[in-house]
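Remarks on the structure that follows.
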There are 2 protein chains.
Amino acid sequence: MIPEVSALQKARAAYRPKLPPALRAGNIRIVLGAPTEPASDQDEIKRLFPYTYGQPVATIAEGDGQQLKTEPLRVGVVLSGGQAPGGHNVIAGLFDALKAAHPESRLFGFLKGPGGVIKGKYRELTAEIIDRYRNTGGFDMIMSGRDKIEKPADLAACKRHFEEMALDGLVIVGGDDSNTNAAMLAEYLRAQDCSTAVIGVPKTIDGDMKNGQIEASFGFDTASRVYAELIGNIARDATSAVKYWHFIRLMGRAASHVTLECALQTHPNITLISEEIQAKGTTLQEIVDYITDVVVKRAAAGKNYGVLLVPEGLVEFIPDIKVMIDELSTILGRDEEYLQRLPDHSERVQYLSTQLTAASAQVYSSLPLSIQEVLLTRDSHGNVPLSQVETERLLIDLVSDRIRLMKARGETEAKFSPLSHFFGYEGRCAAPSNFDADYTYSLGYAAAQLIRGGLTGYTVNVQNLTQPAEQWVAGGTPVTMMLNIETRKGKQVPVIKKALVDLNGKPFQTFARHREEWALEDCYIFPGPIQYFGPCEVCDAPTMTLALEKS
Amino acid sequence: MIPEVSALQKARAAYRPKLPPALRAGNIRIVLGAPTEPASDQDEIKRLFPYTYGQPVATIAEGDGQQLKTEPLRVGVVLSGGQAPGGHNVIAGLFDALKAAHPESRLFGFLKGPGGVIKGKYRELTAEIIDRYRNTGGFDMIMSGRDKIEKPADLAACKRHFEEMALDGLVIVGGDDSNTNAAMLAEYLRAQDCSTAVIGVPKTIDGDMKNGQIEASFGFDTASRVYAELIGNIARDATSAVKYWHFIRLMGRAASHVTLECALQTHPNITLISEEIQAKGTTLQEIVDYITDVVVKRAAAGKNYGVLLVPEGLVEFIPDIKVMIDELSTILGRDEEYLQRLPDHSERVQYLSTQLTAASAQVYSSLPLSIQEVLLTRDSHGNVPLSQVETERLLIDLVSDRIRLMKARGETEAKFSPLSHFFGYEGRCAAPSNFDADYTYSLGYAAAQLIRGGLTGYTVNVQNLTQPAEQWVAGGTPVTMMLNIETRKGKQVPVIKKALVDLNGKPFQTFARHREEWALEDCYIFPGPIQYFGPCEVCDAPTMTLALEKS
């Protein structure tokens, strides 16, 4: 009676992901373009990457295949960082491509992320294992981790393991930092005359690894759709119950792409975009003013309900909060012990008010007690644990106070009954949409070809994603081409530039053009759950973000 | 570029719900059985319902149709209580059936729940309006409300409106209480010689309106599936990240059917069922012991992660908490003003410890401060606002304390990183699954036939639901047959008995047989999102609860 997998898992296991035509071809060749260079910091990056700098863009095309290795290959794969839907399909695509090229090729999965590579912990991935995970969500096949392969000793350990394992290649599935690390490892191995090729795969539900070469990071499509399903359901509840304001926080610390995509898919009344708030220098009070204004105007039109979206990273982008936190960090670094010894919180606030600037002291004391307390703690890395700030609850608290005051003054009759939600873990491990299932399988399949072509220090790409898979084109982008030099923790380091929401781009501009209407009218759209079997426009469409960017 | 509905909304608008064969027939007759009586309290219920007591069970069958009214009918419909997926399809089925019987029939939707009936506020529901809402979630077509038609003045107002509107029938879509009210209204109208028939429709995502006649309340299937989708995704995240315990609270105050159904669909490590806790008299400390035990055992096996489900109503079912709350209510009723005047919370706790029994004082002081404070407030009805108790956070707090102590004593090395979730509003207004879309459309279609047959004081039913719709049978159950006398707010009143989780029933027994294995192993199942277009076993299956009950 009790099944071991769900009916959908069973049906979905049989799905055959779509591949770009060149990858389906029996004969494949790799077309190399002209040498490339990064958009900035060329000299410094050339100095740091003497062996892998300036490599050409690679395109996979149908061809005679003579270029590519035909002997059995031994390849490793590792998942790095947060889960994203489709990770298992990258591995399945890689496996199928290696086996198609030579049935004696072997694939090894390093366990629990880059730490597993450093420690040489892996399991061989057999057909039986791969088949169990086709088209599934999660990273549980080999798990993930957040270690970084950076230190000289770690790089040397990797080389040792690769030589012991006789690895022809390693595929690193990760975001901007992991792809940067892939380039550093590739450079190191080349310099050390180790023949293991390193290929990166662009992964992150945040959608912030994209550029002229990489159209999208995988997982963004599925995760956004899961959140949009829930937001749509909640919007329908809001217009049905006509008495709640839903404040919804969404995953996405550095970039607001997920929040923007969800807004484009569902048309909520209020959407806060961190990048805009930072660019305009909007203060916390101004944000509260804006929200209150919409709540009060809707109430005047008889609508004591609504939906608000906020990205989890918002707090770090609000200028006056950021200044206050920086000041707090300095004070805590200096006087933490003294502060902790003060008898109670009110004594701490008194002391802080003598140390902070007037503006920061005012911002701090305007916050709810629970958040004041969080801001005086440190996480295990010595940072203020901003992720513990439940921004949606903070905004509810501040807007409630404001509306209470306006009611007391007779300025509004709004009934403000807020409910809070946070959506993050619900989407990271969802089973991939058809788009992500196809895209990731193609990425894995293409990564195998880049290794067969002897390329290293590349991020695999699949382009033309807004068209049917029949028109997709796969290839590789030299990581050095995407690097620039940034200051991280006081050090100048090469990194892939994070793609934040472009305020001049079509996705944001489209949202900005409609948001006033969405604020006061009920323009909600209900995307519903991800569909796998229905009409193409329901099952295979790209995100609104990608469609607008490419339109 | 910006669409007004989603691709899925568009595709789904065209879905034609399946109907039982008898309802599809051109000619319909109603077969009446023998007189019925309630299982208990027959005399009292007969005294309260002299006109509608003892009516026969009705079955809709193919036939000559001479029995049924053929003239144009005027019918009203109202949605009562919390949203449930499929409400709009009840109305669409009702509309289509009335129009099929006579194109000049008219349907009126009373606005914002039973309050709209009392006030006579309605809108005519035209084909254009109906078509916009086919197969959609939510109750926004005419909205809902929680008023009750009970007071003599309200009953009289209803009768006046019905006569002015020349209504042949009123369909009340609601849960156990609303169906009881439907019976009271039917009885009143019969007694007053008003010819408007009243028919109830069994609705509630909680799944607690069911009995020998009513196999399921609508909305339970869809809402449970939405929650199970999310729980499955989170379970996949747990096994991928291998570092978080997810404590998930689910909607369902009185009954734990939703939680049990989700457990059967996803196999979490720990599931708390309120009915079992009440039956066994499990204390809060024992619940914390049980959870801690599983956390510690899993940690010993290297698994510092897991998933726990808890129904939102749990707190009210824990015997020692219930006793403590009752005592608190008495104290607050007597000394609330004095308590509020005490200078701070610690003074209040001191005072309470002199007034509560020793056991209750101990339970109270074991709770986190934030919950201690909630328990000293009252909602607008003068009750302790238990719905504000975030049970999942309460359990996290208590289990964290316990594990911290065990670690300090060297009794465990468990790493306990808990995350909390609450799923409720995400499911109430989801677009109905095929099951709920078909079931609700059939209920609405059948309700029209009961009105055409001149029946009143019935709840419409569709039976044989675990079989394909081709074998479904629709009919009506006299509400008086389902009534019993219970004490509510100190008064003896007739009510439909709420169906709580039956600890001897197959759904609970199946869960109980597997839960030890589910606790320590990773037996998670991933149901995935509701599918509308795929294979039948993916799209049309009934809930596990119903399948097990009927097996």
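Out of everything in the stretch A:493-523 that is among the basic types (K, R) and either within 14 Å of chain B (Cβ to nearest Cβ) or in contact with a Ser or Thr (Cβ under 7 Å, 6 or more places away or on another chain) (or both), what residue ends up being surrounded by the most Cβ atoms within 10 Å (Cβ to Cβ)?
By that ranking, first place goes to A:R515.
For the stretch A:116-173, give me each residue that is among the small types (G, A, S), more than 14 Å from every other protein chain (Cβ to nearest Cβ) and touching a strand residue (DSSP E or B) at 6+ places or on another chain (Cβ under 9 Å).
Matches in the stretch A:116-173: A:G120, A:A166, A:G169.
Residue-wise test of (1) buried (at least 23 other Cβ atoms within 10 Å of the Cβ); (2) farther than 28 Å from B:T222 by Cβ; (3) of a type in the set (D, E); (4) in contact with an Asp or Glu (Cβ under 6 Å, 6 or more places away or on another chain).
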site	(1), (2), (3), (4)
B:K243	no, yes, no, no
B:F247	yes, no, no, yes
B:G252	yes, no, no, yes
B:C262	yes, no, no, no
B:H267	yes, no, no, no
B:S274	yes, no, no, no
B:K280	no, yes, no, no
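Buried (at least 24 other Cβ atoms within 10 Å of the Cβ) and farther than 30 Å from A:G137 by Cβ, is that true of A:F49?
yes
Would you mind finding the one in B:V384, B:V399, B:V389 that is among the aliphatic types (A, V, I, L, M) and over 29 Å from the mean Cα position of the chain (by Cα)?
B:V399
Yes or no: A:F526 closer than 30 Å to B:C429 by Cβ, within 14 Å of chain B (Cβ to nearest Cβ), assigned to a helix (DSSP H, G or I) and aromatic (F, W, Y)?
no
Considering the stretch A:241-284 alone, what residues qualify as being assigned to a strand (DSSP E or B) and either polar (S, T, N, Q) or on the phi > 0 side of the Ramachandran plot (or both)?
A:T271 - this is the single residue of the stretch A:241-284 that is assigned to a strand (DSSP E or B) and either polar (S, T, N, Q) or on the phi > 0 side of the Ramachandran plot (or both).
Out of B:Y244, B:Y188, B:Y227, I need the residue that is of a type in the set (F, W, Y) and closer than 23 Å to B:L170 by Cβ. Which one?
After applying the criteria, what remains is B:Y188.
Could you grab the pairs with beta carbons closer than 6 Å, sequence gap of 6+ or different chains, first residue in the stretch A:304-316 and farther than 26 Å from A:E517 by Cβ, second one basic (K, R) and in a helix (DSSP H, G or I)?
none
Name the one entry in B:G76, B:G93 that is of a type outside the set (S, T, Y), touching a His at 6+ places or on another chain (Cβ under 9 Å) and crowded, with 22+ Cβ neighbours inside 10 Å.
It is B:G76.
Give B:L32, B:L48 a once-over and let me know the one that is closer than 27 Å to B:E486 by Cβ and not assigned by TED's automatic domain parsing to the domain that holds B:I149.
On inspection, the qualifying residue turns out to be B:L48.
If B:T222 satisfies all but one of (1) in contact with a Phe, Trp or Tyr (Cβ under 8 Å, 6 or more places away or on another chain); (2) more than 18 Å from A:Q9 (Cβ to Cβ); (3) within 13 Å of chain A (Cβ to nearest Cβ); (4) surrounded by fewer than 24 Cβ atoms within 10 Å (Cβ to Cβ), what's the number of the condition it fails?
(4)
The rows are residues; the columns are (1) in contact (Cβ under 8 Å) with a residue 40 or more places away in the chain; (2) outside any loop (DSSP other than H, G, I, E, B); (3) in contact with a His (Cβ under 6 Å, 6 or more places away or on another chain).
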{"position": "A:V5", "(1), (2), (3)": "no, no, no"}
{"position": "A:Q9", "(1), (2), (3)": "yes, yes, no"}
{"position": "A:R16", "(1), (2), (3)": "no, no, no"}
{"position": "A:Y51", "(1), (2), (3)": "yes, no, no"}
{"position": "A:D64", "(1), (2), (3)": "no, no, no"}
{"position": "A:E71", "(1), (2), (3)": "no, no, no"}
{"position": "A:G82", "(1), (2), (3)": "yes, no, no"}
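All but one of (1) among the charged types (D, E, K, R); (2) in a loop (DSSP other than H, G, I, E, B); (3) modelled with pLDDT of 95 or more hold for A:K46, so report the exception by its number.
(2)
Is it the case, given these coordinates, that A:M141 is assigned by TED's automatic domain parsing to the domain that holds A:E486, in contact with an Asp or Glu (Cβ under 6 Å, 6 or more places away or on another chain) and in a loop (DSSP other than H, G, I, E, B)?
no
Would a scan of the stretch B:439-446 turn up a residue that is away from every other protein chain (no Cβ under 14 Å), under 26 Å from the mean Cα position of the chain (by Cα) and more than 30 Å from A:E229 (Cα to Cα)?
Within the stretch B:439-446, one or more residues are away from every other protein chain (no Cβ under 14 Å), under 26 Å from the mean Cα position of the chain (by Cα) and more than 30 Å from A:E229 (Cα to Cα).
Restricting attention to the stretch A:529-551, and to residues there that are facing another protein chain (nearest Cβ under 9 Å) and surrounded by 23 or more Cβ atoms within 10 Å (Cβ to Cβ), which single residue is nearest to the chain's Cα centre (by Cα)?
Among those residues, the one meeting the criterion is A:M544.
Go through the stretch A:235-265 and give me each residue that's modelled with pLDDT under 95, touching a strand residue (DSSP E or B) at 6+ places or on another chain (Cβ under 6 Å) and within 29 Å of B:A84 (Cβ to Cβ).
Matches in the stretch A:235-265: none.
Take B:T204 and decide whether it is away from chain A (no Cβ under 12 Å) and either in contact (Cβ under 8 Å) with a residue 40 or more places away in the chain or of a type in the set (G, A, S) (or both).
Considered against the rule, which asks whether it is away from chain A (no Cβ under 12 Å) and either in contact (Cβ under 8 Å) with a residue 40 or more places away in the chain or of a type in the set (G, A, S) (or both), B:T204 comes out as yes.
Condition first: among the basic types (K, R) and assigned to a strand (DSSP E or B). Now tell me which residues in the stretch A:18-35 satisfy that.
A:R29
Specify which of the listed residues (A:R146, A:R134, A:R106, A:R160) is surrounded by fewer than 19 Cβ atoms within 10 Å (Cβ to Cβ) and either touching an Asp or Glu at 6+ places or on another chain (Cβ under 7 Å) or over 21 Å from A:G207 (Cα atoms) (or both).
Of A:R146, A:R134, A:R106, A:R160, the one residue that is surrounded by fewer than 19 Cβ atoms within 10 Å (Cβ to Cβ) and either touching an Asp or Glu at 6+ places or on another chain (Cβ under 7 Å) or over 21 Å from A:G207 (Cα atoms) (or both) is A:R160.
Hey, among the residues in the stretch A:230-241 that are at the interface with chain B (Cβ under 7 Å from one of its Cβ atoms) and not hydroxyl-bearing (S, T, Y), which one's surrounded by the fewest Cβ atoms within 10 Å (Cβ to Cβ)?
Per the criteria, the residue is A:A241.
Looking at (1) closer than 15 Å to B:V171 by Cα; (2) small (G, A, S); (3) in contact with a Cys (Cβ under 8 Å, 6 or more places away or on another chain), can you tell me which one B:G137 breaks?
Just one mismatch for B:G137, condition (1).
State which residue is surrounded by the most Cβ atoms within 10 Å (Cβ to Cβ) when the search covers only the stretch B:8-20 and only residues that are within 14 Å of chain A (Cβ to nearest Cβ) and touching a Gly at 6+ places or on another chain (Cβ under 9 Å).
This residue is B:L8.
Hey, could you check the stretch A:21-44 for residues that are touching an Asp or Glu at 6+ places or on another chain (Cβ under 8 Å) and in contact (Cβ under 8 Å) with a residue 40 or more places away in the chain and say which is farthest from the other protein chains (Cβ to nearest Cβ)?
Filtering first and then ranking leaves A:I28.
Residues checked against (1) touching a Lys or Arg at 6+ places or on another chain (Cβ under 6 Å); (2) within 14 Å of chain A (Cβ to nearest Cβ):
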position	(1), (2)
B:E411	no, no
B:S417	yes, yes
B:A431	no, yes
B:A448	no, no
B:G454	no, no
B:G475	no, no
B:N484	yes, no
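The values are calculated or read from the model by the stated rules, or taken from the named source; none is laboratory data. Everything quoted here is computed from the prediction, not taken from an experiment. Glycine also receives a Cβ, built like all others from the backbone with ideal geometry; neighbour counts cover every protein chain displayed.
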